């Protein structure tokens, strides 16, 4: 099994690169074939949770990931609804993660795709991401835990995929009640059927492979296990080759699509994403896969991310190509302080109190 895993994870990285490049070729924004943070933000705008006209579109990829992981977990008889592992804390961590992601302008998956497109700002973000993961590892080594989840009824596990199906129904049958961007990145998207299929494939593959973009670095440090990291490395390498072939490779800091050049805040944004992801036990993509396969705690995390996206855009916390906003810097400090407080409390204070 270990040999198969060593082969399969690099192939998963390759598949992710191919799917992402194909989605860009079919209409998704450049360097944004897949981005969980951006796609959740766009979806939040499409259902009226924020009013920024350039980032409003129900992204079928999100629906597909949820449904893909749901269906494959049923097929493999591994659909196991669970909940009760500090859901409110996970909501706050998901919220803070989204604040960091929108400071940087992307999730860990998009960070890798931006690197593959030649965006040097994303390499700065990668260093921040690694720093955040190291911070999370520090707390894990000191005993950080949100306690284990408990099995719940299958009805609870069905809620997330049912919501995904309802959203898909609205998108296909009555799109008039949703909000769609007519300009900006929200107006750029692959045809619905291809985007949905890509999401379903990624959801299924993500469930089978346990793909997680924070686990690659975390496991390398904690366990000297580099298998998951191989998927991350192959994704970037294959993405570079694919972008060169398609004429989309532009190595520079300047003039990158949906990106800014503020190195400090690119670093800090991904630091917060890395820290939150470790404390949550998985990156945003992993949280979606877990939510689709019955984990209600991950579903609450996703709700936290959606709420974070809505607040970030309603109160001008999110960055743009022009850079980081003043509100964004204030919001970041508050979010980081909340995450550190959660980490310290769950690592040191709860242990002393015997909770």
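The values are calculated or read from the model by the stated rules, or taken from the named source; none is laboratory data. Remember, it's a predicted structure, so these values are computed and weren't measured experimentally. FYI the Cβ positions are ideal-geometry reconstructions off the backbone, even for glycines, and counts take in every protein chain you see.
Inclusion of residue 143 among residues that are touching a helix residue (DSSP H, G or I) at 6+ places or on another chain (Cβ under 8 Å), touching a residue at least 40 places away in the same chain (Cβ under 8 Å), within 30 Å of residue 349 (Cβ to Cβ) and surrounded by fewer than 17 Cβ atoms within 10 Å (Cβ to Cβ) is warranted. Need the failing condition index for residue 235 against (1) assigned to a helix (DSSP H, G or I); (2) in contact (Cβ under 8 Å) with a residue 24 or more places away in the chain; (3) within 19 Å of residue 332 (Cβ to Cβ), just the number. It fails just one condition, (3).
Rundown of residues vs (1) farther than 26 Å from residue 138 by Cβ; (2) part of a strand (DSSP E or B); (3) modelled with pLDDT under 95; (4) over 20 Å from the mean Cα position of the chain (by Cα), yes/no style:
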| position | (1), (2), (3), (4) |
| --- | --- |
| 318 | yes, no, no, no |
| 329 | no, no, no, yes |
| 332 | no, no, no, no |
| 339 | no, no, no, no |
| 342 | no, no, no, yes |
| 350 | no, no, yes, yes |
| 355 | no, no, yes, yes |
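Inspection of the stretch 298-305 finds a residue satisfying the criterion of being touching a helix residue (DSSP H, G or I) at 6+ places or on another chain (Cβ under 7 Å), over 26 Å from residue 51 (Cβ atoms), in a helix (DSSP H, G or I) and in contact (Cβ under 8 Å) with a residue 12 or more places away in the chain. The single residue among 65, 19 that is in contact (Cβ under 8 Å) with a residue 40 or more places away in the chain, over 15 Å from the mean Cα position of the chain (by Cα) and closer than 25 Å to residue 227 by Cα turns out to be 19.
Just need a number here: residues in the stretch 279-296 that are assigned to a helix (DSSP H, G or I) and surrounded by 24 or more Cβ atoms within 10 Å (Cβ to Cβ). Qualifying residue count for the region: 11. At positive phi, touching a helix residue (DSSP H, G or I) at 6+ places or on another chain (Cβ under 6 Å) and either crowded, with 20+ Cβ neighbours inside 10 Å or in contact (Cβ under 8 Å) with a residue 40 or more places away in the chain (or both), is that true of residue 273? No; evaluated as a whole, the condition is false for this residue. Of all residues in the stretch 134-168, those that are closer than 21 Å to residue 67 by Cα and either at pLDDT below 95 or not in a helix (DSSP H, G or I) (or both) total 7.
Looking at 207, 194, just one residue is in contact (Cβ under 8 Å) with a residue 40 or more places away in the chain, within 20 Å of residue 90 (Cβ to Cβ) and part of a helix (DSSP H, G or I), and that residue is 207. Taking the stretch 217-232 as the range and being more than 17 Å from the chain's Cα centre (by Cα), assigned to a helix (DSSP H, G or I) and over 23 Å from residue 21 (Cβ atoms) as the test, the residues that pass are 219, 220, 221, 222, 223, 227. Which members of the stretch 22-47 meet the condition of being farther than 24 Å from residue 253 by Cβ and assigned to a helix (DSSP H, G or I)? 22, 23, 25, 26, 36, 39, 40, 42, 43, 44, 45, 46 - these are the residues of the stretch 22-47 that are farther than 24 Å from residue 253 by Cβ and assigned to a helix (DSSP H, G or I).
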